[in-house]
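Accompanying notes for the structure given below.
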């Protein structure tokens, strides 16, 4: 156990010194029935790969969880109705497909505390091994940048749409996992280029 922990520690330390602009990223977004992983459910999961600053649209995935028991307001917010759930995939298969990328990609979320909290609990419940080598959060990256620039942060200043607007990125309709995963991928690339300003950018600078 100690040896495994030490190996992960040193691997992470070495990774943080590498160039962020040449990495492979797995950008993930979830649609949920609520905000509490103990009582709410994952409705859908989408992911997009970034490889060497290129978003791989052909490898983008979107899966609806057919195991969801109560859709709550999902038909209103996400446009996902019961007939969509009926033709979805079971959550174990979705998680297995997702985690197959963990060994060779850095995970990216917009608000990792929420989405990774749900995923981590789902992985444990389904008995799927999941050990990401690093997790980045575009929400946290933007919050750190605004603090460094001396900005006061308002209530809605760190939404995905608000963060994208600061980089001149187009507005996308929200509340669809694949659209939001794409939007987060574009935001990450914009943040990296703004922070690096043509210089090498180490992964440690994004934490």
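Side notes on the structure shown:
- With contacts taken as Cα pairs under 8 Å and at least 6 residues apart, the chain reaches a relative contact order of 26 percent.
- Percent of C-alpha pairs per 5 Å bin in the range 120-186, short distances first: 3, 13, 20, 18, 17, 14, 9, 5, 1.
- Each 10 Å bin from zero up to the one holding the largest Cα-Cα distance in the chain carries the following percent of pairs: 8, 34, 36, 19, 4.
- Residue-span extension gain [residue 124 to residue 207] - 0.36 nm each, minus C-alpha spacing: 27.4 nm
- Ranked 33, 184, 179, criterion: other C-beta atoms within 10 Å, fewest first: 179, 33, 184
- Two-site label geometry, residue 145 and residue 196: point separation in nm, points 7 Å out along Cα→Cβ: 1.4
- DSSP assigns beta bridges within the range 2-206; of those with both partners inside it, close to 70 percent run antiparallel.
- Extending 7 Å from the Cα toward the beta-carbon at both residue 87 and residue 16 defines two label points whose distance is 4.7 nm.
- Sorting 30, 21 from the fewest to the most surrounding beta carbons within 10 angstrom yields 21, 30.
- Ordering 197, 164, 12, 145 from the fewest to the most neighbouring beta carbons within 10 Å gives 197, 12, 145, 164.
- In the chain, helical runs assigned H by DSSP with n ≥ 4 each contribute -39500 (n - 2.57); averaged across all residues and rounded to the nearest 500, the mean residue ellipticity at 222 nm is -12500 deg cm²/dmol.
Coordinate-derived values only; no laboratory data. Remember, predicted model here, so these are calculated numbers, not experimental data. Backbone-built Cβ (ideal geometry, glycine too); neighbour counts: all protein chains shown.
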